[in-house]
1. Relative to a virtual label point 7 Å from the Cα of ASN107 in the Cα→beta-carbon direction, which members of the stretch 36-66 show backbone nitrogen distances below 12 Å?
2. For labels at GLU146 and SER17 in the simple 7 Å Cα→Cβ model, what's the distance in nm?
3. Quick check for the chain: number of Lys pairs with alpha-carbon distance under 26 Å, counting only pairs 8 or more apart or on different chains?
4. Relative to the Cα centre, what is the charge dipole magnitude of the stretch 2-164, using +1 at the beta carbon of each Lys and Arg, -1 at the beta carbon of each Asp and Glu, and rounding to the nearest 20 debye?
5. With θ set to phi - 60° and the Karplus curve 6.51 cos²θ - 1.76 cosθ + 1.60, what are the ³J(HN,Hα) couplings of the stretch 150-162 in order, to the nearest whole Hz, using x for Gly and Pro?
6. Restricting to DSSP H runs of at least four residues, report the calculated mean residue ellipticity at 222 nm for the chain, -39500 (n - 2.57) per run over all residues, nearest 500 deg cm²/dmol.
7. Taking the Cα-to-Cβ direction at ALA116 and at ASP64 and moving 7 Å from each Cα, how far apart do the two end points lie in nm?
8. Looking at the chain, what % of the alpha carbon pairs are farther apart than 27 Å?
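Coordinate-derived values only; no laboratory data. Everything numeric here is computed off the predicted structure, so don't read it as measured data. No Cβ is skipped: glycine too gets one built from the backbone with ideal geometry, and neighbour counts run over all protein chains shown.
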Amino acid sequence: MQQLITQMAEELRHKFSNDGADGAIEDALMIGIHTGGVWVAERLHQVLDIKQPLAQLDISFYRDDFSRIGMNPQVKPSQLPTSVDDAHIILVDDILHTGRTIRAALNEIFDYGRPATVTLVVLGERSGRELPIQADVVGKHIRLGEHEHIKLTGPEPLQLEVVETP
């Protein structure tokens, strides 16, 4: 897992240096999406030596599937700066699947202001996209069978596991 995190950090550094963002990657605002995205973001934040504190986002109130799954009983408060105006944001999640979690996260971020850029980083990406959302940095592309899904367990040890669905 550490090798994957290091590879993602290098790709992110390269992306920032080549995209001509105002300022260095160390000045970016990194935001991890609860829960797995925060675990991945903590590691990336440390490797990249980002100056701003790691921000955390709980998208529970921004989800579009309340009618199917109900309200999440363990809603945690988001921890973001009061404004994200003109910030270069690195948004981190564990697994990109349908794209709905990222859509919800972007909606919440924009409630705090208008960032200059948002770079999406995910540990794993699998097929099944329902929305036109694509990660800028992907640790691992994952191919799963029809009755499988992937889960990040952690935070210690941090590992991906494939689980059979009934």
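1. Only 59-66 fall inside the zone, counting backbone N under 12 Å.
2. Using points 7 Å along Cα→Cβ, the separation is 4.7 nm.
3. Values: LYS15/LYS51; LYS15/LYS140; LYS51/LYS76; LYS76/LYS151; LYS140/LYS151.
For the chain, the number of qualifying lysine pairs is 5.
4. The calculated dipole for the stretch 2-164 is roughly 240 debye.
5. 10, 9, 9, 10, x, x, 10, x, 8, 8, 8, 9, 8
6. Helix contribution divided over all residues of the chain: -9000 deg cm²/dmol.
7. 3.0 nm
8. The answer is 21 percent, as a whole percent.
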